[in-house]
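Structure record follows, encoded as structure tokens.
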Amino acid sequence: MCRADRTKGGGGLIVYIRSDFCFKVVNDLPNLALSERAGYKTESIVFKVKIGKTWETFVGIYRPPTSIKVPKTVWTYELGSLLEAITSLPGNYFLLGDYNADLIAADKPPKDGRSLLDLLDIYNLHNLISSPTRILKTSITLLDLVVTNNKNMVLTSGVVYVQLSDHSLVYAFLRKTAPKMRSRKLCFRSLKHFDRDLFLADLHTVPFNVMDVFEDVDDKLFVFETLFTEVLDDHAPLKQFHVRGNQVPYMTEEWRKTIRYRNRFWRKFTDDRTDSNYQLYKAQRNKCTSLRRKAIKGFFFLKRRRSQKTQGSFGKHTGLSCIQKILNKQMISFFRRMTLFLQTKNK
């Protein structure tokens, strides 16, 4: 059992851990000592649990509702400082508790939910709970969250509606080890030097009439595919490239380079923990966050624009569409010839 009692008025945080689990309480965090954290209105308790061969960080949080005593500027600073210290720790971390910020109506005044979502976005954290956790006669809110930096570690999560309190219980089942996404090889045809006229000219020289030598339809189709593919390989050769397993679809080259610099500054800070090295890492991390937001916005903007266009208007300017049209014409011609051949054979 771990406790973090309040100094006034009673109450606080308490965590129960199974007796056969190895754990330890973390008092001082990077750039955030326990004495400073004890003065926060936002209550927290940090501990590590050994799962398998690794130590995972867990944080219990209670943020009091926004009021005159606890204005938004105060709790956003406190929670931001806590998240900055937690995200500086190595490994995976999970933050559970009552955040008193409704994520169902995030933009409803005083917009505490929007402020919390902005903080989670800055530190690249993900909330696992989507169902309401406090259901009253006149309101439905999502206040109790399970936040993590690694969703792959979570097998399942949800809400259990009980009658012990007006707040429901939230839960998350963790995997012992997170599955690793393996890299893949993707094949594509390079249209960099594709010339439509030269491609059509070479197709006209291909002796497709040799298919008449064969009687079986499968043999005819094999000959056609072989002859056509030989010409296609000359004008649009097959190439392949590796895709990283953890690659997001909106990754940009600028963002990738910034991530490399950020990781470099982080390693420099872990080797020499000075304020200047941490400020370099912090500036680069904030730049990564900004580029990430920009990349996501641009990705979905282009995706929406493309979805608004018809397939024909989008594809008529691409070489791939040209190849597809030619291939369709060749297949239609082939099937017409096969139909005539079978009709003549039946007579």
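Read-outs: derived from the displayed coordinates by stated rules, not from any lab. What you are looking at is a predicted structure, and each value in this text was computed from that prediction instead of being measured. Here the Cβ is made from the backbone with ideal geometry for all residues, glycine too, and neighbour counts use every protein chain on show.
Overall form of region 253-308: prolate. Here a/c, set by the Cα gyration tensor axes a ≥ b ≥ c, is 1.5 or more, and a/b is the larger of a/b and b/c.
Looking at region 188-249, which GluC sites (Glu not before Pro) are DSSP coil and have at most 16 other C-beta atoms within 10 Å of their C-beta? Here the sparse-neighbourhood loop sites are E215. Taking the DSSP bridge list for the chain and keeping only pairs wholly inside it, about 85 percent are antiparallel. Of the options (i) 0.97; (ii) 1.07; (iii) 1.17, only one is Rg/Rh (Cα atoms, Kirkwood Rh) as computed from these coordinates, and that is (iii). Once a ≥ b ≥ c are taken as the square roots of the eigenvalues of the Cα gyration tensor of region 2-174, is the result rounded (a/c under 1.5), prolate (a/b larger than b/c) or oblate (a/b not larger than b/c)? Rounded shape, in that the Cα axes give a/c under 1.5. Proximity of backbone amide H atoms, modeled 1.01 Å from N, is registered between G12 and R6 at under 5 Å, excluding neighbours fewer than 5 places apart on the same chain. Stretching the chain fully between I296 and R267 yields a gain of 7.8 nm (0.36 nm per residue, less the alpha carbon separation). In a Gaussian network model over the chain where Cα atoms closer than 10 Å are linked, find which of T76, T133, T274 has the largest mean-square fluctuation. Result for the chain, Cα springs under 10 Å: T274 fluctuates most. Computed with the Debye formula from one identical point scatterer per Cα of region 90-240, without solvent, the log10 of I(q)/I(0) at q = 0.09, 0.10, 0.14 Å⁻¹ comes to -0.59, -0.61, -0.77.
The mean sequence distance of close C-alpha pairs (under 8 Å, at least 6 residues apart), as a share of the length of the chain, puts its relative contact order at 9 percent. Would you mind checking the tilt of helix 217-235 against the longest principal axis of the Cα atoms of the chain, expressed as 0 to 90 degrees and rounded to 10? For helix 217-235, the angle is close to 70 degrees. Of all DSSP bridge pairs formed entirely within region 1-115, close to 75 percent run antiparallel.
What does the net charge come to around R18 if you take all other residues with beta carbon closer than 15 Å to its beta carbon, with K and R at +1 and D and E at -1? Taking every other residue near R18 into account, the sum is +2.
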